[in-house]
Every structure is written in structure tokens, then in C-alpha cells.
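See structure below.
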Amino acid sequence: MKIRDTCLDHRHRFTQNALTWTFPINIVDPVTEFKVHFRAKCNATAGDAPHWYYPPPVPYLIKEIAVIDGSEVIYALNGAEAWAMSGFDLGYLPMHRHHEYPDATSHWCFPIHFGRDLTDPEWIFDPKKFRNPQLRITWDLAAVIPIGHGGMKSAVDAPIEISVWAKIMEEGARPRGYLMTKQVKEYTPAGAGDEVTWLPVDFPIRKLMVRSYVENGQMGESTEHIKISQDQDKWIPVDLAADDFIRLMINWFPEMETAGDPYMSHHEYREHFGGWLGHGLICSGTTSLIVALRGWTSNMFRA
């Protein structure tokens, strides 16, 4: 088995704050992983605005990362989903650095996996089996906060840079197929009630993830209960309070680390991406600030 990492596009520069970019996959050997490395610069006054995170983490600015072949969708998630999925697949979070200091560059890596692990010779992406495979990336630097004060710097003044890598298996691959990853549904609840989602039945499902997100809140605030039912409750693999489900995950997945340089004033909040039961080591600083995790089941830390 021979595996190599190759750079398909290095620091491709873009001056568009919002764009859908399509990149042709012009390789013939099977690929076990693509990596998209996204770099964007903070505004010069980042951190000065009174908000709980400024500027926004890059995953919230990526509307879609997709691998497509015409109308066929092989992989499609937004930035936050893609980043989290890689962590749950491999047991560690992708390379990243979230910066908030003036004119600092935030850089985040978004891996795309097709197999059970990075050396899987059977479940792997084989470009030869597709007519026109492409990588498609959609971003908007103003998706959370307008360009400028407290947000991201305009790409006209500080171009976005995107690199694309591929982990290629030159020898030893025996392609049977690939593991597909897609978003099934996204919605904003209008109020209390039950939300039923019909799952696709055309393929077996290896992993199902529910992302419940509330700005400046905890992960369990918007979801009270999670249930998976098959054939009108003939089989119920999951029927748990959301808080209990989150606590059980502590035993299912390893602890993961995040890194970043927040630029904060007194009584400001930041998201630490650690989820519930998170803890952390916060060190360094330019002033005599005391920074601490807020509560033992918090998704935030504060100055």
C-alpha cells in the first residue's frame, strides 16, 4: 500500500467576499481524503464590538463544501458540520486557529473523508468511476457579521486563500464504493413542539448526527428529546432526553482540543466549541485579565 499527500491547489487567492467556487478533480488514483484549507483575515478593529464572539469563526462562514459529479452529490455539508464530522470520524479535530487580534489571519482545515479511516483500501473515492467530479465551495464572509468593524476584513483588501490537498492511494486500493456524507435537513423552529424528520431509505445509514445550536446558549436548550423510530416504533434504537444523550457521548467519543486567540473586553463571551462538560487551559494575555470557563456544562467562556 502506497499513500501520498499531494497539493492540488496552493493558496488560491480570491477577492470576493461571497462566492461559489468549483474546482475540477483531475486525478485518476483513488482518494481517501480531501482537505480544504481556508484562510481569511480579521478586520483591523476586530474584538472592539460588544458581542459575544467577534469576528465569527470561519466554519460559520462556509455555506457548503461539496464533492459533486453533475447532479450527483457525493458529499455536502456546511463548514461547521464538515469540521465536526471530521472530528467524530477520526477522534480529533482538524488543524485550525481562530484569531481575533487586529489583522490576524484565521485558518481552518476542512477534511472530506470517504472511508472508515484514512487507509481504508475498499471504501474510497475513485475518480475514474465518475464523469466530471468537482469540489465545490461556497462562502460568505458577511454570513454572521457585516464586513468591517468587529467582523472579517474585506477580501478586496486582504484576499481569501484556499488550498486543496488530496490523500492518494497509489497502490493497494480495492475500491468497492465510498461512504457518502450529506445534510438531511436544516430548519429553525418557530416554537415548542415535535419535529419529525423522515430519513432517506435508499442507502444504509452508518452515522446520524443532530446539531442543535443556540447563539450564546447551551447545546441542550433548544432540544429536549431525541428519538429514532423504525417501522412505527417496532424498533426504537434511541429514545432519550437530549441532556442524557449528550452525557452518554462522553463515553462514545474521545476528548478533543480546540485552539484560538480571542480578543476580549470585560464581561464578553466566546464560544469554545467544547460542548457540554468541557474544560480547558487558558493561558497568555496582553493585560491582567482573568479568563474562565463559565460553568461545568457551558459552551462558553468569558473574560
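Write out, first by first residue and then by second, each pair whose Cβ atoms fall under 6 Å of each other, whose residues are 6+ apart or on separate chains, and whose first residue, in segment 2-23, is under 13 Å from Val164 (Cβ atoms) while the second is surrounded by 15 or more Cβ atoms within 10 Å (Cβ to Cβ) and polar (S, T, N, Q).
His10/Ser163; Arg11/Ser163; Thr22/Gln134
List the residue pairs whose Cβ atoms are under 6 Å apart, where the first residue sits in segment 124-149 and is closer than 21 Å to Arg39 by Cα and in contact (Cβ under 8 Å) with a residue 24 or more places away in the chain, the second is of a type in the set (Phe, Trp, Tyr) and not in a strand (DSSP E or B), and the two are 6 or more positions apart or on different chains.
Cβ pairs passing all conditions: Val144/Tyr60.
Select, from Thr105, Thr119, Thr32, the only residue that is of a type in the set (Val, Ile, Thr), in contact with a strand residue (DSSP E or B) (Cβ under 8 Å, 6 or more places away or on another chain), under 20 Å from Asp261 (Cα atoms) and modelled with pLDDT of 90 or more.
The match here is Thr105.
Scan segment 83-99 and tell me whether some residue there is within 27 Å of Trp252 (Cα to Cα), assigned to a helix (DSSP H, G or I) and either among the basic types (Lys, Arg) or in contact with a helix residue (DSSP H, G or I) (Cβ under 6 Å, 6 or more places away or on another chain) (or both).
Checking segment 83-99: at least one residue is within 27 Å of Trp252 (Cα to Cα), assigned to a helix (DSSP H, G or I) and either among the basic types (Lys, Arg) or in contact with a helix residue (DSSP H, G or I) (Cβ under 6 Å, 6 or more places away or on another chain) (or both).
Here are some conditions: (1) without any contact (Cβ under 8 Å) to a residue 60 or more places away in the chain; (2) touching a helix residue (DSSP H, G or I) at 6+ places or on another chain (Cβ under 6 Å); (3) not aromatic (Phe, Trp, Tyr). Ser106 meets all but one. Which one does it not meet?
(1)
Using the structure shown, decide if Thr119 is farther than 19 Å from Val184 by Cα and not hydrophobic (A, V, I, L, M, F, W, C). First the steps, then the outcome.
Values: farther than 19 Å from Val184 by Cα: yes; not hydrophobic (A, V, I, L, M, F, W, C): yes.
Criteria met by Thr119.
Take Ala155 and decide whether it is more than 22 Å from Asp117 (Cα to Cα) and more than 21 Å from the chain's Cα centre (by Cα).
It is true that Ala155 is more than 22 Å from Asp117 (Cα to Cα) and more than 21 Å from the chain's Cα centre (by Cα).
So Arg302 ticks every box in (1) surrounded by 13 or more Cβ atoms within 10 Å (Cβ to Cβ); (2) modelled with pLDDT of 75 or more; (3) charged (D, E, K, R) but one. Which box is left unticked?
Only one criterion is unmet by Arg302, namely (2).
Identify all residues within segment 128-153 that are under 30 Å from Ile27 (Cα atoms) and outside any helix (DSSP H, G or I); write none if there are none.
Phe130, Arg131, Asn132, Pro133, Gln134, Leu135, Arg136, Ile137, Thr138, Trp139, Asp140 - these are the residues of segment 128-153 that are under 30 Å from Ile27 (Cα atoms) and outside any helix (DSSP H, G or I).
Conditions (1) under 23 Å from Glu72 (Cβ atoms); (2) at pLDDT 95 or above, marked per residue:
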{"site": "Gln134", "(1), (2)": "yes, yes"}
{"site": "Asp140", "(1), (2)": "no, yes"}
{"site": "Ile160", "(1), (2)": "no, yes"}
{"site": "Lys167", "(1), (2)": "yes, yes"}
{"site": "Glu186", "(1), (2)": "yes, no"}
{"site": "Pro189", "(1), (2)": "no, no"}
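With respect to Val164, is the statement that it is surrounded by fewer than 17 Cβ atoms within 10 Å (Cβ to Cβ) and either over 21 Å from the mean Cα position of the chain (by Cα) or hydrophobic (A, V, I, L, M, F, W, C) (or both) true?
no
Just wondering, is there one or more residues in segment 218-225 that are of a type in the set (Ser, Thr, Tyr), in contact with a helix residue (DSSP H, G or I) (Cβ under 7 Å, 6 or more places away or on another chain), within 23 Å of Ala80 (Cα to Cα) and surrounded by 10 or more Cβ atoms within 10 Å (Cβ to Cβ)?
Taking every residue of segment 218-225 in turn, at least one turns out to be of a type in the set (Ser, Thr, Tyr), in contact with a helix residue (DSSP H, G or I) (Cβ under 7 Å, 6 or more places away or on another chain), within 23 Å of Ala80 (Cα to Cα) and surrounded by 10 or more Cβ atoms within 10 Å (Cβ to Cβ).
Taking the stated definitions as given, is Ala76 aliphatic (A, V, I, L, M), in contact with a strand residue (DSSP E or B) (Cβ under 6 Å, 6 or more places away or on another chain), modelled with pLDDT of 95 or more and under 20 Å from Ile205 (Cα atoms)?
Taking the combined requirement at face value, the residue satisfies it.
The values are calculated or read from the model by the stated rules, or taken from the named source; none is laboratory data. As the structure is a prediction and not an experimental result, all values here were calculated from the model. With ideal geometry, Cβ positions are generated from the backbone for all residues, glycine too; neighbour counts draw on all protein chains shown.
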